[in-house]
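Trainee: Here it is, the structure in full.
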Amino acid sequence: MYCSKCGASLVDGKCLKCEINSVVKNKKSSRNHMTIFAIILSVLSIGLLAIGFFTLSSPKTIVLQSISNWSGLLKESSNMEDNWLVQKISSSDKMGVREELTLDLGTAFGMDFGKIGLTLDYNDDKNSKESNFQTKLELGESSLDLDAVLEDNKIYTKIKDILEPYYYTQFEYISFFENTGSIDTEKLLDIVFDNIKKNMNDNDFKKSKETISLGDTTKKTNKISYEVTSKKLSKVGIDILEGIKNDRELMKSFIEIDEEFSTTIDEAIKELQRVQREKDEVLFYYNVYYYGFNNIVMEEIVDDEEAIQYYHYNNAHEFKIVDVESKTNYFTLKIEEQKDKSVTISGFIVTYKYTGTYKEKENKKSLSLTLDLENNQEISFNITSDIKKSENNYRSTEEFIITGNYGGVDFSDGIKLTSNLIYIFGKDVVIPDIENAKPFEEITEEEMLVILEKIENHPILKPIYELFAGYGNMDQDFDFDSDMNFDDDYEDLEF
């Protein structure tokens with residue numbers, strides 16, 4: 001038997017040739033459908049990519065991205081602060097703080113007193129409303145010691161070898177740690193930058209082409225410029241302040257630090273509203289430079305006279321302050337991150353070059369800078385910092401050393417300033433013997449003369465006393481005409 005369609009022989013009543021042709025035809029049809037579907041998807045994808053590219057690369061989007069970068073940078077910096085210490089101070093009723101400062105001038109200035117030392121020791125108990133304070137100034141072998149005690153709303157004061165025993169007067173209790181409330185920095189930054197973004201309009205941006213220098217190379221970039229006027233800036237300021245006012249937690253934190261903050265913020269809003277009613281003026285321009293797909297490499301704030309520029313590319317960050325007319329760099333700073341996580345620093349202060357290195361490991365930090373001056377003169381600065389803390393103790397030690405030579409002065413021995421700051425939590429206030437204290441109001445004239453004599457003979461206070469006494473004599477030496485006349489409007493002044 002044969003197939004009625006193609007005349008081929010049938011096998012088991014079926015035409016194999018027709019079946020094969022049918023399968024091939026179906027595959028071709030399916031392949032055509034897939035091809036058409038793939039083309040449609042490709043067109044849609046290209047369209048969506050094009051729309052996305054033009055949307056994400058719009059001037060407003062680029063500037064908003066730049067502003068978001070600033071917000072993130074500031075948030076990162078605020079998180080680096082030692083919030084542990086702030087919270088510890090705020091939550092402690094009993095605590096003490098001690099600051100020890102030592103300045104060693106070496107032999108550079110030819111002074112015979114050697115070191116200068118200053119010690120400040122303050123202890124406070126908020127529950128009992130008591131505190132004591134000691135300060136000691138050391139100048140070579142001489143010293144000036146002052147003690148003060150605050151108890152029962154009275155302040156007791158004693159100066160060694162001058163004002164003894166304790167003398168007191170009425171004084172309401174205050175704590176130096178009263179206004180140590182912390183601010184939610186992240187929330188505050190969100191309010192600031194959200195209101196900046198909200199007040200930017202699409203029509204306020206101008207786009208152009210610009211070639212800039214990135215280190216040793218030049219780069220063709222797109223420049224987006226945003227004009228900041230007095231009315232735009234004041235409107236942003238009003239919205240930021242209103243945003244802070246409407247946030248109860250933020251307002252509570254600010255008022256804990258400054259009781260008059262509500263009044264201050266209202267006055268600031270009124271002042272900005274006054275600016276809104278005045279003639280609008282251009283204040284400066286905010287420019288953003290980028291290339292490729294939103295690769296921002298520089299931002300600047302510029303007016304008719306100066307430009308502040310921030311470059312960031314590869315592992316380098318550069319800051320510049322530039323005179324617009326002459327294109328002269330007043331100041332440059334270049335920071336480059338190294339593989340060992342250290343940072344190299346270089347730049348110019350006008351024509352003077354400086355270089356340095358910054359290192360950080362755990363709680364230890366060090367910074368070294370060398371400034372090259374004219375005539376082969378240079379000054380080097382070395383700063384080290386070390387922080388140690390435990391549950392009830394915080395200690396920060398810093399050392400600042402100056403070496404080099406300048407203006408005929410040789411700092412080869414180094415000028416050294418050392419600081420030790422110690423917080424102790426849970427420390428009790430020790431009240432000294434003040435039973436024999438006398439009220440200031442009862443100091444007699446004879447006692448006052450004795451006190452003045454001690455001041456005149458004190459090795460540290462004597463020069464200060466003579467200085468003030470000299471000013472007093474100068475006042476007496478002036479001989480004014482007795483016919484000096486003033487009219488009510490102070491317009492006519494006759495000697």
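Values quoted throughout were computed directly from the atomic coordinates according to the rules given, and no laboratory measurement underlies them. These figures come from a predicted structure and were not determined experimentally. Please note: Cβ atoms are built from the backbone with ideal geometry, for glycine as well, and neighbour counts cover all protein chains shown.
Trainee: Let me know the Kirkwood hydrodynamic radius for segment 234-351, please, with Cα pairs as the basis and the value in Å to one decimal.
Mentor: The answer is 18.1 Å.
Trainee: Oh, and also: Would you mind getting me the FRET efficiency between LYS388 and THR217? Use the beta-carbon distance for r and R0 = 30 Å, nearest 0.05.
Mentor: 0.10
Trainee: Using the basic label-point model (7 angstrom from Cα toward the beta carbon), what is the VAL450 to TYR313 distance in nanometres?
Mentor: 7.7 nm
Trainee: For segment 125-133, just list the computed ³J(HN,Hα) in residue order, Karplus coefficients 6.51, -1.76 and 1.60, θ = phi - 60°, integers in Hz, with x standing in for Gly and Pro.
Mentor: Once rounded to whole Hz, the list reads 10, 5, 5, 8, 6, 10, 7, 9, 9.
Trainee: Right, here's the next one. What Kirkwood hydrodynamic radius, in Å, does segment 363-436 give when the mean of 1/r is taken over all pairs of distinct Cα atoms and then inverted?
Mentor: That comes to 15.5 Å for segment 363-436.
Trainee: Count charges around PHE171 for me, please; just the other residues with Cβ under 13 Å from its Cβ, Lys/Arg as +1, Asp/Glu as -1.
Mentor: -2
Trainee: Give me, ordered by chain and number, the residues 5 or more places off PHE284 or on other chains with an amide H under 5 Å from its own placed amide H.
Mentor: Close amide H contacts, sequence-distant or interchain: VAL228.
Trainee: Continuing with this model, one more query. For THR185 and ILE257, compute 0.36 nm times the residue count separating them, minus their Cα-Cα distance, and round to one decimal in nm.
Mentor: 24.5 nm
Trainee: While we're here: So what are the ³J(HN,Hα) numbers for segment 141-150, from phi and the Karplus equation (6.51, -1.76, 1.60; θ = phi - 60°), rounded to whole Hz, Gly and Pro as x?
Mentor: Once rounded to whole Hz, the list reads 8, 8, 8, 10, 10, 10, 10, 9, 10, 10.
Trainee: On the Cα set of segment 239-281, report Rg and Dmax in Å, please.
Mentor: When restricted to Cα atoms, segment 239-281 yields Rg and Dmax of 12.2, 37 Å.
Trainee: If you wrap a convex hull around the Cα atoms of segment 204-283, how much volume per residue is inside, in Å³?
Mentor: Taking only Cα atoms, segment 204-283 has a hull volume of 153 Å³ per residue.
Trainee: Specify the inter-centroid distance of segment 322-374 and segment 380-425, based on alpha-carbon positions, in whole Å.
Mentor: 20 Å
Trainee: Let me ask you something else. Which ³J(HN,Hα) values in Hz, rounded to whole numbers, follow from the phi angles of segment 279-289 under the Karplus curve 6.51 cos²θ - 1.76 cosθ + 1.60, where θ = phi - 60° and Gly and Pro get x?
Mentor: Along segment 279-289, the couplings run 5, 6, 10, 6, 9, 6, 10, 10, 10, 10, 10 Hz.
Trainee: Under a straight-distance cross-link criterion of Cα-Cα below 24 Å, which lysines are reachable from LYS364, leaving out those fewer than 8 residues away in the same chain?
Mentor: Filter leaves LYS75, LYS88, LYS334, LYS339, LYS341, LYS388, LYS389, LYS416.
Trainee: Can I ask one more? At 0.36 nm per residue, minus the direct Cα-Cα distance, what do SER128 and THR397 gain on full extension? Give it in nm, one decimal, please.
Mentor: 93.7 nm
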